[in-house]
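What follows is a set of notes on a single structure, which appears directly below.
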Amino acid sequence: MTLRTIESLGSLHGKRVIVRCDLNVPLKDGQITDDGRVRASLPTLKALVEQGARLVIVSHLGRPDGQVNLKYSLAPVAARLAELIGSPVAFAADTVGESAQAAVAALTDGDIVVLENLRFNAGETSKVEAERVAFATELSALGDVLVSDGFGVVHRKQASVFDLAQILPSAAGLLIAAELDVLDRLTEKPEAPYSVILGGSKVSDKLGVIGHLLPRVNSLLIGGGMLFTFLAAQGHKVGASLLEVDQIETVRGYLAEAERLGVKIVLPTDVVVASKFGADAEYVTTAADQIENTPFGAAGLGLDIGPDTAAAFAAIIRDSKTVFWNGPMGVFELAPFADGTRTVAAALTEVNGLSVVGGGDSAAAVRILGFTDDQFGHISTGGGASLEFLEGKRLPGLEVLGWQ
Ligand SMILES: Nc1ncnc2c1ncn2[C@@H]1O[C@H](COP(=O)(O)OP(=O)(O)O)[C@@H](O)[C@H]1O
Ligand SMILES: O=C(OP(=O)(O)O)[C@H](O)COP(=O)(O)O
């Protein structure tokens, strides 16, 4: 069965349509550093406005863990959306409280309100189904139907992604449909050589996909915060770098499985080690097995892949016919640690085949580093979501919309 489309919901004129977007944009000092996810949401929002629907936009931003934390407010995102869509966008200071209820009641046809961050409410991400359903039920009172379009979050079994879609009549938006069109091309007979590059900081989330990806790819390139668990699995010390100690054994299993399958797991041979996390840190490039043998000793932090590694990764990427990349190679937000990500991004632009970049921060990285969307085959709004899709997993936020 394929996804239910917006048309399946019938006429939406005058209806209150809850639109679940992924507006989880990177922010620095309260400013949006990349508005790609807002732009990617526009086709669905415009289509609904044109129909005369009353739009109630909901999203998460960051991981505020069920607490109100204004650092993660969606207010700047609502302001940016108003600029991009070219019409006023109201903002409610809560998600299901008095402010939200009043703002929704005040909507007329074609109006838009953005509600405050879903994850300020513990029910949104609760592991307890009854708590999620209770929150989804409160949300459902604010709309007549749900259009689910937050592709970046479809792998999460969360109240607005999963439970709400069972309470209200629901359908997928245009972004989800467009994302699946491209990702389908990566799952159905990707042209070899097929390389996947993994990095970023959501290490425990993303290590789990490796076992399922191994039989599907020719090379797996490991950078970013992910690489240190691999180095530790090989017996190397990694100083104060990101490390998932309880995943070391699992990673050893992946290394053995890759050898058995004849898949290359390509690990860094050099890394950039910093004295601390900051743009003013001192840093040196060292061999990947010498991280603690720098002037910073065991306090050294690996914040980027080194130039030899970046060049080796680039060569493999350029020779691939299909490439999927999720997760920056280093802390690209800080200039001294952006080179690995820049080199990998440049190599993707030279792929003679299909190149896909996925993930909020990966997409932000390529744009912030000066690349343009048209230099890549596709820039996906979902990192974890696309990875889990590529490993062939059933995603709760898609299944609930009819996807099988
Ligand atoms: N070596 C590293 N140590 C700590 N953080 C890192 C490292 N390499 C990359 N990162 C961070 O990873 C973050 C992005 O990770 P993630 O959210 O997994 O990617 P995406 O949003 O593309 O899926 C960036 O903010 C980047 O600074
Ligand atoms: O940024 C996101 O995912 P991504 O970093 O995998 O691209 C999504 O908004 C999901 O956020 P989450 O990983 O906090 O659930």
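A few notes on this one:
- Screening 164, 146 for residues that are under 30 Å from residue 67 (Cα atoms), assigned to a helix (DSSP H, G or I), in contact with a Leu (Cβ under 6 Å, 6 or more places away or on another chain) and not assigned by the TED database to the domain that holds residue 268 leaves exactly one candidate, 164.
- Restricting segment 310-347 to residues that are of a type outside the set (A, V, I, L, M, F, W, C) and under 23 Å from residue 204 (Cα atoms), the residue that is farthest from ligand 2 (Cβ to nearest atom): 340
- Across segment 109-117, a minimum of one residue is classified as without any contact (Cβ under 8 Å) to a residue 60 or more places away in the chain, over 18 Å from residue 23 (Cα atoms) and surrounded by fewer than 24 Cβ atoms within 10 Å (Cβ to Cβ).
- Considering only residues in segment 185-212 that are within 16 Å of ligand 1 (Cβ to nearest atom) and assigned to a loop (DSSP other than H, G, I, E, B), the one that is nearest to residue 305 (Cα to Cα) turns out to be 199.
- Residues that are assigned to a strand (DSSP E or B) and in contact (Cβ under 8 Å) with a residue 40 or more places away in the chain, drawn from segment 287-302: 301, 302
- Just one residue in the set 46, 71 is in a helix (DSSP H, G or I), within 16 Å of ligand 1 (Cβ to nearest atom) and surrounded by fewer than 17 Cβ atoms within 10 Å (Cβ to Cβ); that residue is 71.
- For first residues located in segment 359-381 and part of a helix (DSSP H, G or I), partners that are away from ligand 1 (no atom under 14 Å from the Cβ) and lie 6+ apart or on another chain with Cβ distances below 7 Å form the pairs 375/349.
- Only residues that are within 13 Å of ligand 2 (Cβ to nearest atom) and of a type in the set (Lys, Arg) were counted in segment 172-212, giving 2.
- Residues of segment 59-75 that turn out to be within 13 Å of ligand 2 (Cβ to nearest atom) and within 27 Å of residue 111 (Cα to Cα), as a count: 6
- Extreme residue, surrounded by the most Cβ atoms within 10 Å (Cβ to Cβ), among residues of segment 213-241 that are part of a helix (DSSP H, G or I) and within 16 Å of ligand 2 (Cβ to nearest atom): 224
The values are calculated or read from the model by the stated rules, or taken from the named source; none is laboratory data. As the structure is a computational prediction, the values presented were derived from the model and not from experiment. Because the Cβ atoms are built from the backbone with ideal geometry, glycine has one as well, and the counts that use them run over all protein chains shown.
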